[in-house]
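Working notes, structure below.
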Protein chains: 2
Amino acid sequence: MTKSFGVVLVSHVEELALGLYKLVKEGAADTSVTYTGGTDDGGVGSSFDKIMKAVNDNEADNIYAFYDLGSAKMTLEMVSEMSDKNIEIMDCAFIEGAYTAGALIQSDNKKEVIDEQLKPLIIK
Amino acid sequence: MTKSFGVVLVSHVEELALGLYKLVKEGAADTSVTYTGGTDDGGVGSSFDKIMKAVNDNEADNIYAFYDLGSAKMTLEMVSEMSDKNIEIMDCAFIEGAYTAGALIQSDNKKEVIDEQLKPLIIK
């Protein structure tokens, strides 16, 4: 594991999650970023099992988790309760928050700095 | 054309644009939503020609345009200057702003209402 924190991306849509992963990795090459989108059968929605897998697959134990819409947050909260990892669910702008977090983790910023920079991106 | 306003999505990443299109359409079935992502050769970045095509392909003449990161905005601004359409570039959270705009256009809200609802989502 290269960094203390990881980023998990949870979208309602498979392609959105993959696309955001690519964007975040542009600024966070050595940071563990995992993602999931859609339901178990690939529809629009969220899946407990897929989110849990994204959390487990992440190399970090301290996770910044970002989501697109409210119902993905509810599933994330359930995962968060069941997981042994420390998951912080961020009510930030999905794209901008995840990109910012990835870049700040990549450049080895402290948690306080990361949280401070994410604060203006809280919109939900 | 069923609605007075359309939504244009501009991302740095092809899959992100497609995924967001799918999400926005969930709440905006009869609203014209067009999208583009990445450079002309499919890399991460933005393309004047692809953005211009997304604007032209949109059925509406009044466009709410959303983007992910700053350099996509710069390309959007160039397109906006060259286009005959009325393009409003929104400095909103990309996902949340586009989804909200789509849903509000879909339910035939007036421009003032749409703008008012998008205001709290301005983060850049």
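Overview of values
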| read-out | value |
| --- | --- |
| Scan of region B:1-27 for residues that are within 13 Å of another protein chain (Cβ to nearest Cβ), more than 22 Å from residue A:24 (Cα to Cα) and within 13 Å of the chain's Cα centre (by Cα), ordered by number | B:25 |
| Unique residue being within 14 Å of another protein chain (Cβ to nearest Cβ) and free of Cβ contacts under 8 Å to residues at least 12 places away in the same chain when the list is B:43, B:37, B:70 | B:43 |
| Of residues in region A:109-119 being out of contact with any Leu (no Cβ under 9 Å at 6 or more places or on another chain) and open to solvent by less than 90 Å² (accessible area, probe 1.4 Å), the one farthest from the other protein chains (Cβ to nearest Cβ) | A:111 |
| Residue in region B:37-86 that is farthest from residue A:100 (Cα to Cα), counting only those that are modelled with pLDDT of 95 or more and of a type in the set (Ser, Thr, Tyr) | B:83 |
| Condition check for residue A:96: over 18 Å from residue B:97 (Cα atoms) and among the acidic types (Asp, Glu) | no |
| Sole exception among (1) of a type outside the set (A, V, I, L, M); (2) within 14 Å of another protein chain (Cβ to nearest Cβ); (3) farther than 26 Å from residue A:45 by Cα for residue B:50, by number | (2) |
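The values are calculated or read from the model by the stated rules, or taken from the named source; none is laboratory data. No experiment lies behind these values; they were computed from the predicted model shown. Don't worry about glycine lacking a Cβ; one is built from the backbone with ideal geometry, like all the others, and counts go over all protein chains shown. Heads up: the accessible areas ignore ligands, DNA and RNA and are worked out on the full protein's heavy atoms, side chains in. Shrake-Rupley method; radii C 1.70, N 1.55, O 1.52, S 1.80 Å.
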